[in-house]
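J.: Just passing along the structure, written as structure tokens.
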Amino acid sequence: MILTSTLSNFLSNLKNHSLSKKTILKQQKTKQIIQLVNLLVKEGYLNGYYLSGNNMIHVMLKYNQEQAVIQNVKQISKPGKRIYIKNKWLYQNKTPNLYVISTNEGFVTQNQALQLNLGGELICKIN
């Protein structure tokens with residue numbers, strides 16, 4: 001099986017594992033996935049992760065009182081259609097959701113992009 005986008009596969013696995021109340025998600029590691037997981041751990045959506053020797057990442061999902069912290073993950077920019085935004089769009093669309101944006105500084109949240117005055121590719125929305 002050939003995966004065209006490991007990042008989109010990771011996002012769908014993250015949603016499915018959190019909704020089925022699993023504690024650990026095993027995924028093939030890439031630089032993008034590690035960077036995204038670091039961001040989600042820092043924002044409090046995941047408990048942590050560890051790397052195994054066989055090129056795998058084990059992500060520990062977070063729950064509050066039997067309720068998953070990550071309820072929904074929507075991939076916005078897809079391999080067939082990339083969505084790019086300017087910093088002005090972030091000022092107009094302030095929501096409680098977490099938007100992940102790929103910039104030249106790496107993956108950042110919408111609040112970090114506002115502080116750094118950056119735009120970029122809108123990767124996903126997490127709530």
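J.: For Ile101, state whether it is within 15 Å of Ile126 (Cα to Cα) and surrounded by 12 or more Cβ atoms within 10 Å (Cβ to Cβ).
T.: yes
J.: Any chance segment 32-50 includes a residue that's more than 23 Å from Val108 (Cα to Cα), open to solvent by 50 Å² or more (accessible area, probe 1.4 Å) and not in a strand (DSSP E or B)?
T.: no
J.: Only one of (1) at pLDDT below 90; (2) more than 17 Å from Ser8 (Cα to Cα) is not met by Gly80, so which one is it?
T.: (2)
J.: Something else about it: At pLDDT 95 or above, at negative phi, open to solvent by 20 Å² or more (accessible area, probe 1.4 Å) and touching a Gly at 6+ places or on another chain (Cβ under 9 Å) - does that describe any residue in segment 12-30?
T.: So far as segment 12-30 goes, no, none of its residues is at pLDDT 95 or above, at negative phi, open to solvent by 20 Å² or more (accessible area, probe 1.4 Å) and touching a Gly at 6+ places or on another chain (Cβ under 9 Å).
The values are calculated or read from the model by the stated rules, or taken from the named source; none is laboratory data. Just so we're clear, the structure is a prediction, and the values are computed from it rather than from any experiment. Every residue, glycine as well, gets a Cβ built from its backbone with ideal geometry; the counts of neighbours run over all protein chains shown. Each accessible area value is taken on the protein alone, full model and side chains, heavy atoms only, with ligands, DNA and RNA left out. Shrake-Rupley method; radii C 1.70, N 1.55, O 1.52, S 1.80 Å.
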